[in-house]
Amino acid sequence: MATTNTKDPNAAVGLEGGTVIAVTRRARLAEFWYYFSQNRGAVIGLYIFAAIVVIAVLAPLIAPHSPSVQNRGAFLLPPAWETAGSWSFILGTDAVGRDLLSRLIYGARFSLFIGVVVVSVAVSVGIIVGLVAGYFRGAIDTVIMRMMDIILAFPSLLLALVLVAILGPGLVNAMIAIALVQQPHYVRLTRAAVMGEKGREYVTAARVAGASNLRLMFKTILPNCTAPLIVQAALSFSTAILDAAALGFLGMGAQPPTPEWGTMLAEAREFILRAWWVVTFPGLAILITVLAINLMGDGLRDALDPKLKRS
Amino acid sequence: MFRFFLSRLALLIPTFIGVSIVAFSFIRLLPGDPIMLLAGERGMTEERYQQLRALYGFDQPLVMQYFTYLTDLLQGDFGTSIVTKRPVLQEFLTLFPATLELSLCAILLAIIVGVPVGIIAAVRRGSWLDQSVMGTALVGYSMPIFWWGLLLIILFSGILQWTPVSGRISLLYYFPSTTGFMLIDSLLSGQDGAFRSAVSHLVLPTVVLATIPLAVIARQTRSAMLEVLGEDYVRTARSKGLPPLRVIGLHALRNALIPVVTTIGLQVGVLLAGAILTETIFSWPGIGKWMVDSVFKRDYAVVQGGLLLIAAIIMIVNLIVDLLYGLINPRIRH
């Protein structure tokens, strides 16, 4: 993390030879880190999340087994610490003898991938649409906002489920569906922020100086609207992981034998009263990941929301 | 107030039309021939195909098709299930009480626990109580409820054998459905143990469905309460020497509840999305499970109708919340 370098707020001031912009950026980062690190939970969340990222990146090196190799004679083996368990399968095996730990490690890749893709798509589409609505107002704004109301009138998971029914089950389609369902939140946030900023003097000044609409939208206004969007992005990262896992659980997301956590849970359901570990660990992985991100999200909100900083 | 009501109602109309367009397009966007999808028949003759095409109105221009669809909707015709051949609305009305009962119990649990917990956390801000309560709330908020349900089944149905795994009531009991609410019906039936059985079936799904709304309500109550506790009028009430309970309960709470009511209203969508997962896990015969089953059975007429009905419910509840909000917060009316 780049922010860890700027732990000491004074470091930025003592910078030699750096331009003024670099100093203010560093100072701003330092200020951000100061407020962020005030929230102990957020820092813990950050560490856990960083660990999950490392696990996901290094999955082939860390995983003791292949996530797809079926070990004959090791079906539904309990975790190592149980009497029937074996230390070569630390968290036990599933119904076809695949190592649970290795599948969970590879599953981290899918969950992070889902989060990154869904949030990137939802954020970029949402920001553009929201900018257009908030900047131009009038009929185009009304049409856009009514469309967003329509999307928001459905329970998100139901709409995602139906969209996947149209597109066909699978991880990619599930991600598209979830991104579409999440995107109205960004549109609304961006629009509200743009409407707040548009009347400010610096925008008028830039307009008088001859800035084009595009420049005003993306260069002048947008950078001043990012705080709520960053917080929303963190929160919807975790929602994306949860929804994708839910779709996987319902059989509409990633398809077996993909080691996606929700899909693993769906496969494990029939063994629920016989083999607790195949049900417990994938869900625990989802919970820990989502919790870590939400902890970070809370910290981000505290650090970026000037209203809360006062208290 | 009446004008406020009318203006909110007027806002709903374009949304409802939009929602109906989404539902209308759904069948037409699916891969495959919509007539085959709607009729659920395979290998039909050309003559039969043309007959169905005319029956469903697919020989008409698209605008006319939508117009017919909308007219049917307004007359209460939401289509016919391909699998059961029953009207979609009738199926919906049979199953909806189960979802309503479960959702009502869940939101009640969430309010009864969430609001006091949020108040206590705010009043004791920064204490270990506040930290542990809010920590728990964040865990609840992050919970994959489909997994949470399975865990509870392992513990309470598997190991402890306290609760049944699925359904609304034990098969030992049978009585006609008068209200559709199993808790009330079982009481009315007068059969020994029927109510107990209904309760034991309801407990786990209620807890699972209540988890996320409970966490959200607790967090929202706490932050609303914190904001209000810092206000001047609360300080005035305190300095007048009013007892703390009176200040918190009367002066602070009433104002803090305004955003909380909105939050509770917003949970309807969360509840219905949660019902999809909860009902699937506990084989609860409500509309959530009905929708999932219909997607899998490719009963697209049901999916189309159900989608619209569920969106309509959410819109109506949101309208009621809006009105309530206007009622408790007069400033918003203008």
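Readers should treat all values here as calculations from the given coordinates under stated rules, not as data from a laboratory. Being a predicted model, the structure only gives us computed values, none of them experimental. Don't worry about glycine lacking a Cβ; one is built from the backbone with ideal geometry, like all the others, and counts go over all protein chains shown.
Full extension of the chain segment joining B:D77 with B:R235 gains 51.1 nm, where the gain is 0.36 nm per residue of separation less the Cα-Cα distance. Residue by residue along B:276-283, Cβ atoms of other protein chains within 10 Å of the local Cβ number 2 on average.
Looking at segment B:25-113, the trypsin sites (Lys or Arg not before Pro) that sit in a DSSP loop and have at most 10 other Cβ atoms within 10 Å of their own Cβ are B:R42, B:K85.
What's the angle, to the nearest 10 degrees (0 to 90), between helix B:46-55's Cα axis and the longest principal axis of chain B? Orientation of helix B:46-55: about 40 degrees from the principal axis. The packing ranking of peptides A:75-85, A:122-132, highest mean first, is A:122-132, A:75-85, where packing means the average number of other beta carbon atoms within 10 angstrom of each residue.
Peptide B:133-143 has a mean shielding of 4, counted as Cβ atoms of other protein chains within 10 Å of each residue's Cβ.
In this simple spin-label model, placing a label point 7 Å from the Cα along the Cα-to-Cβ direction at both A:R72 and A:I140 gives a separation of 6.6 nm. Taken residue by residue and averaged, Cβ atoms of other chains lying within 10 Å of the Cβ of B:297-307 number 2. The calculated FRET efficiency for the pair A:S124 and B:Q65, based on their C-beta separation and a Förster distance of 30 Å, comes to about 0.30. Normalising the average separation of contacting C-alpha pairs (under 8 angstrom, six or more residues apart) by the number of residues puts the relative contact order of chain A at 22 percent. Rounded to the nearest 0.05, what FRET efficiency is calculated for A:K219 and A:A84 with R0 set to 60 Å and r the Cβ-Cβ distance? So, using R0 = 60 Å, E works out to roughly 0.40. For B:S127, project a label point 7 Å along Cα to C-beta. Then give me every residue of segment B:244-267 with its amide nitrogen under 17 Å of that point. Once the point is set 7 Å along Cα→Cβ of B:S127, B:244-249 turn out to lie under 17 Å by backbone N, inside segment B:244-267.
A simple spin-label model places pseudo-atoms 7 Å from Cα toward Cβ; at B:W162 and A:A95 they are separated by 2.9 nm. Using a simple spin-label model with pseudo-atoms 7 Å out from Cα toward Cβ, B:R53 and B:R8 lie 4.8 nm apart.
The distance separating the Cα centre of segment A:199-259 from that of segment A:120-191 comes to 11 Å. Database remark: amide H of B:T80 closer than 5 angstrom to the amide H of B:V88 (H placed geometrically; neighbours at sequence offset of 5 or more, or on other chains; Pro and chain starts carry no H). Contact order normalised by length for chain B, with contacts defined as Cα pairs under 8 Å and 6 or more residues apart; what percent is it? With pairs under 8 Å counted, the relative contact order is 26 percent. Temperature 37 °C, viscosity 0.692 mPa s: under these conditions the Stokes-Einstein estimate for chain A, based on its Kirkwood radius over C-alpha pairs, is 150 µm² per second. Shape summary of chain B, radius of gyration then Dmax from alpha carbon positions: 24.1, 87 Å. When each of the peptides A:283-289, A:169-175, A:57-63 is scored by how many other beta carbons lie within 10 Å of its residues on average, the order from highest to lowest is A:283-289, A:169-175, A:57-63.
Applying 1/(1 + (r/R0)^6) with R0 = 22 Å to the Cβ-Cβ distance of B:R196 and A:L273, what FRET efficiency is obtained, to the nearest 0.05? FRET efficiency, B:R196 to A:L273: 0.45. Shape analysis of segment B:180-257 based on the Cα gyration tensor places the equivalent ellipsoid semi-axes at 42, 16, 8 Å, largest first. Scattering from the protein assembly as shown was approximated by placing one identical point on each alpha carbon and applying the Debye formula without solvent; log10 I(q)/I(0) at 0.07, 0.08 1/Å stands at -0.52, -0.69. Calculate, in whole percent, how much of the Cα-Cα pair population of segment A:84-150 lies beyond 15 Å. The proportion of pairs with Cα distances above 15 Å equals 69 percent. Separation of segment B:270-326 from segment B:1-57 is 17 Å, based on Cα centroids. Under the combined filter of DSSP loop state and at most 14 neighbouring Cβ atoms within 10 Å, segment B:124-173 retains these chymotrypsin sites (Phe, Trp or Tyr not before Pro): B:W162.
Per-residue extension of 0.36 nm, minus the Cα-Cα distance of A:I62 and A:R200, leaves a gain of 44.4 nm for this segment.
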